[in-house]
1. Within the bounds of the stretch 46-63, is there any residue that is closer than 30 Å to Asp329 by Cα, assigned by TED's automatic domain parsing to the domain that holds Gly13 and away from the ligand (no atom under 13 Å from the Cβ)?
2. Where residues in the stretch 35-45 are part of a helix (DSSP H, G or I) and within 27 Å of the chain's Cα centre (by Cα), which of them is nearest to the ligand (Cβ to nearest atom)?
3. When the residues of the stretch 9-25 are narrowed to those that are in a helix (DSSP H, G or I) and more than 8 Å from the ligand (Cβ to nearest atom), which ends up surrounded by the fewest Cβ atoms within 10 Å (Cβ to Cβ)?
4. Cβ-Cβ below 7 Å, separation at least six or inter-chain, first residue in the stretch 95-116 and under 16 Å from Val140 (Cβ atoms), second open to solvent by 40 Å² or more (accessible area, probe 1.4 Å) and of a type in the set (Val, Ile, Thr): which pairs?
5. Given (1) under 17 Å from the mean Cα position of the chain (by Cα); (2) touching a residue at least 24 places away in the same chain (Cβ under 8 Å), identify the lone condition not met by Gln145.
6. Applying the selection to the stretch 228-250, what residues are without any contact (Cβ under 8 Å) to a residue 24 or more places away in the chain and open to solvent by 60 Å² or more (accessible area, probe 1.4 Å)?
7. Can you pull out every residue in the stretch 91-149 that is assigned to a loop (DSSP other than H, G, I, E, B), open to solvent by 40 Å² or more (accessible area, probe 1.4 Å) and more than 11 Å from the ligand (Cβ to nearest atom)?
8. Can you work out which of the residues in the stretch 345-383 that are closer than 23 Å to Gly331 by Cα and outside any helix (DSSP H, G or I) is farthest from the chain's Cα centre (by Cα)?
Amino acid sequence: MGSGIAQLACRSGARTLLHDPIPDALQRGLERARDGLQKEAAKGRLAQEEAQAAIERLAAVEDLAAFAPCELVIEAVPERLDLKHDLYRQLSEIVSEECVLASNTSSLLVTAIAAGAKNPERVVGMHFFNPAPIMRLLEVVAGEQSDERALALAHATGEAMGKTVIRAKDGPGFLVNRCNRPFGLEALRLLQEGIAEIETIDRTMRVEGGFRMGPFELMDLVGIDTGLEISKSFYEQSFGEPRWRPSPIAARYVAAGRYGRKSGRGYYDYSSDPYRPPDPNHDPNPNQPGADAEARPAAGGVLERIVCQVINECAFALGEGVGSAQDIDTGMTLGLNYPRGPLAWADEIGLDHVLAVLDGLWEEYREERYRPAPALRGLVRAGRLGRTSGAGFFAYDAAP
Ligand SMILES: NC(=O)c1ccc[n+]([C@@H]2O[C@H](COP(=O)([O-])OP(=O)(O)OC[C@H]3O[C@@H](n4cnc5c(N)ncnc54)[C@H](O)[C@@H]3O)[C@@H](O)[C@H]2O)c1
């Protein structure tokens, strides 16, 4: 991630210093950033002279003391709080009082990282998505003590790098990864209950929902072990939020060493190519997510259940002030390639329908996991039912 961020920084016009305590890693990072710029020039995305000028603005430094004149330091060291604390302690002694310290952490709390710095108010999150030079989104995360000056600098830097920047409040998974939790967890729940098989759930999400990958393919790609660790950290950080409870199925796969693509086997067997049959041609109609023909009828079909739980998570995030409705939808489409923003999608489906699905699930299971977000119920109560009523999560000029 560090080399990708350095590539973006020097490309944006900033003098950029790259540091890694391991000399080989530092050299590899420098070369990767330079290669990335050359590739952009070869593909015509950047003029050759601009790529050369960016390369000249980039330098590798072996000593952290070289960061003394920096206005912004973006840290992408391994995801361990002790390592990050140690680095922020050192940086606090080196850089000026004005310098902003940003972390690319994806799962630690920015607030917890900031505790390692002398002035926690200048610490913010700058969460890039992988691969950083390609993905269009940047999530700027406000820790409990981050000040507006630091947030504004991170925001402006992201825009200078060509990113679409969204703002998020600190918390498990920030905005994007938090709102996406039910995509995998609800799919695992459907499997656990025997409502549909892995292939059926994935195919439904691709063919009917328009997602590029189904939840199980995605979990195999990320690594089932990595996903389980993320689930555990969400559950621990929230002191046991039922919506974020890790799945026993994922734990069993990890115990069996079936981690996903990287181990050759996870929810799919990757020893054969292709690992799944091609999808039939089909026009998705995700505005009316109904029961899937291959799934056992239950409270809601596969697509409906997963999408409504994603919408519910987004509504909780909105209600808790984690991000704006627009930033939630932008984050999910640009950060995770969702076919559409979940809140705009909800407005199309009808918020009363989404609420009815969630209330149905609650009736059936009596589990806190399915309690509808107060923000969703509040909109329905206020008659804001979505596009047909002229307003839902968003306002519409005129009902169609
Ligand atoms: N990989 C992803 O998809 C991804 C996406 C978003 C955010 N992140 C976050 O980015 C950070 C780095 O992830 P990664 O996948 O690039 O890890 P990585 O292990 O590939 O790279 C980390 C680099 O940091 C170096 N390092 C170790 N200690 C250091 C120190 N004290 N100072 C400077 N460099 C040091 C290591 O030598 C290594 O080269 C983590 O916080 C991670 O959560 C990763």
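The values are calculated or read from the model by the stated rules, or taken from the named source; none is laboratory data. Note that the structure is predicted; figures quoted are calculated from it, not measured. Ideal geometry is used to build each Cβ from the backbone, glycine not excepted, and the neighbour counts take in all protein chains shown. Ligands, DNA and RNA are excluded from the accessible area calculation, which covers all protein heavy atoms including side chains. Shrake-Rupley method; radii C 1.70, N 1.55, O 1.52, S 1.80 Å.
1. Looking through the stretch 46-63, at least one residue is closer than 30 Å to Asp329 by Cα, assigned by TED's automatic domain parsing to the domain that holds Gly13 and away from the ligand (no atom under 13 Å from the Cβ).
2. Among those residues, the one meeting the criterion is Gly36.
3. Asp24
4. Note: pairs meeting the criteria are Ala102/Ile74; Asn104/Ile74.
5. (1)
6. Residues satisfying the conditions are Glu229, Lys232, Tyr235, Glu236, Phe239.
7. The answer is Ser96, Glu97, Glu98, Leu109, Ala115, Lys118, Pro133, Ile134, Arg136, Glu144, Gln145, Asp147.
8. Among them, the one singled out is Gly350.
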